[in-house]
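Below: the structure, in structure tokens.
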Amino acid sequence: MVVDPSTTKYLIRASVQADGVVEKPDIIGAIFGQTEGLMGNELDMRDLQKSARIGRVEVDVETRGGKTTGHILVPSALDKVESAILAAGLETIDRIGPAKATIRVEKIEDTRISRRKQVVDRAKELLASINEDPGQDSGKIADEVRSAVQVAEITKFRNTKLPAGPNVDSSDSVIIVEGRNDVLNLLKCGIKNAIAIEGTNVPEEIKELSKEKTTIIFVDGDRGGELIAKELLQTCEVDFVARAPPTREVEEIPHKLVMKCLKNKLTSEQFVSQMGLNIKRPESAGLKPGAEGREERQERAPREERQDRGGRDERRDGRHEQRGREDRQPRGERPERQDRGGRDRGRGRERDEAEADAPAEAAEPQRSLPQGDPRAGFRDILQGLSGSLKAVLLDDQGKTMQGDLAVRELADTLKSSKDGIHAVVFDGVITQRLLDIASERKIATVVGVKMGNVTKVPDAVEILTRDDLA
């Protein structure tokens, strides 16, 4: 059945079932005969067809096992109220020829939708031809039409022929995304320095580009995005990592969410720590400006944890040496010392404090929460850990169970630890994985720098960030 949608406004679709063998003329005769005078002279189907207010009734039938089934199409140029009345009248037909029958209206379609689509397609062609005219006001053009124009701004990056925005070469920074549609979506948002790698095989030109510019990778919030981020971190010099929300893709998220994801991007070190990844950095003879500090911070923790061949801890030897030099100085000339939380011990109490702290200097620093104000204690510990990428585990009395724990080892340590950990304070981002482990191990409080992409917050775990403790 072929119906020209340009001759009508609405199309009534109905199904027919008859308990016997009937043919197309029988069904059409029943439609015109049994609705005659039913809905008044204004809606008599014969008069409506003569005046071209309804079109030709199309019927498609099939007979099987002594029963007939089929479909009916009635084109209507009436308004939507009259078309609905006409469709309801079809359902009053209960007999076709000698057989009992049932007609059921499935839906009433607005055929002008196809004409609207033709308008949109033609508008795309017209806009592409007049887009260079500066006097044109495109503020009211539909988003669907504008998106067709954005495709023209995608360029091919150098010899790689990878899809890229027009400003990749001229911009000081570059955003690496997964595919062409991601570049297109960022172009819609006004971001013109994105480039797509289109796979996990990273070309040499992209690796060189990451050394020349501030590099941001922007990946999907699924497992594939995590794998591509890991690949880029291993092969390129990445400065920041941004991810779409969980289960979302960069190519589909709206303008506001794109800007939010880029604003909340993490440094590459924070991302590696948050995801618990084991990343081998690319070997490079030179570093980008500002990278020396990051590399130094990244390597500082492993260097401090190394031991010499005799098995002695280098940091502990350094403390013994320092304490030995202090013992040789007159007591009045010993420098003031501060604990890991940054609190000044004070010159007046220096003598007693030095003697009391002597055993502790040989082991890890002890931290405890002040009575009656645990949040102040959490704040002091978090401030003392700032920039160290370390963690501290506290018992229910507020005393240190384990300190100087690298954040990258925090999740595995909590999984393998025995019961008794009451609070965790660490210099890093609070993740869903860490909260799930804390809930499983019945840890009451988790304190971190800020919240990551957390979708489910355990009821039994108190979560505190640096802003909460300010």
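The values are calculated or read from the model by the stated rules, or taken from the named source; none is laboratory data. None of these values were measured; they are calculated from a predicted model. We place every Cβ from the backbone using ideal geometry, glycine too, and count neighbours over all the protein chains shown.
The set of residues from the stretch 192-217 being touching a Cys at 6+ places or on another chain (Cβ under 9 Å) and either closer than 13 Å to Asn181 by Cα or not hydrophobic (A, V, I, L, M, F, W, C) (or both) comprises Lys207, Ser210, Lys211, Thr215.
Being surrounded by 14 or more Cβ atoms within 10 Å (Cβ to Cβ) and either charged (D, E, K, R) or out of contact with any Lys or Arg (no Cβ under 7 Å at 6 or more places or on another chain) (or both) is the requirement here; does Lys50 meet it? No.
The C-beta contact set for the stretch 366-391 (first residue of a type in the set (Phe, Trp, Tyr), second residue modelled with pLDDT of 90 or more, distance under 7 angstrom, 6+ apart or interchain) comprises Phe378/Val425; Phe378/Val447; Phe378/Leu464.
For the subset of the stretch 91-126 comprising residues that are hydrophobic (A, V, I, L, M, F, W, C) and part of a helix (DSSP H, G or I), which member is farthest from Val74 (Cα to Cα)? I'd like the intermediate steps shown before the answer.
In the first step, residues of the stretch 91-126 are kept if they are hydrophobic (A, V, I, L, M, F, W, C); the result is 93, 96, 99, 101, 103, 105, 108, 113, 119-120, 123, 126.
Those still in the list that are part of a helix (DSSP H, G or I) too: 113, 119-120, 123, 126.
Values: Ile113: 17, Val119: 25, Val120: 27, Ala123: 31, Leu126: 35 Å.
Ranking the candidates gives Leu126 first.
Here the strands (runs of 3 or more DSSP E) wholly within the stretch 392-470 that include at least 2 residues being touching an Asp or Glu at 6+ places or on another chain (Cβ under 7 Å) and over 18 Å from Gln274 (Cα atoms) are 400-406.
Given the criterion out of contact with any Gly (no Cβ under 7 Å at 6 or more places or on another chain), in a loop (DSSP other than H, G, I, E, B), among the hydrophobic types (A, V, I, L, M, F, W, C) and buried (at least 17 other Cβ atoms within 10 Å of the Cβ), identify the matching residue among Val174, Val168.
Val168
Within the stretch 252-281, residues that are farther than 16 Å from Ala411 by Cβ have Cβ atoms under 6 Å from residues that are modelled with pLDDT under 85 in these pairs: Glu269/Gln298, counting only partners at least 6 apart in sequence or on another chain.
Restricting attention to the stretch 378-409, the residues that are surrounded by fewer than 21 Cβ atoms within 10 Å (Cβ to Cβ) and in contact with a Phe, Trp or Tyr (Cβ under 6 Å, 6 or more places away or on another chain) total 0.
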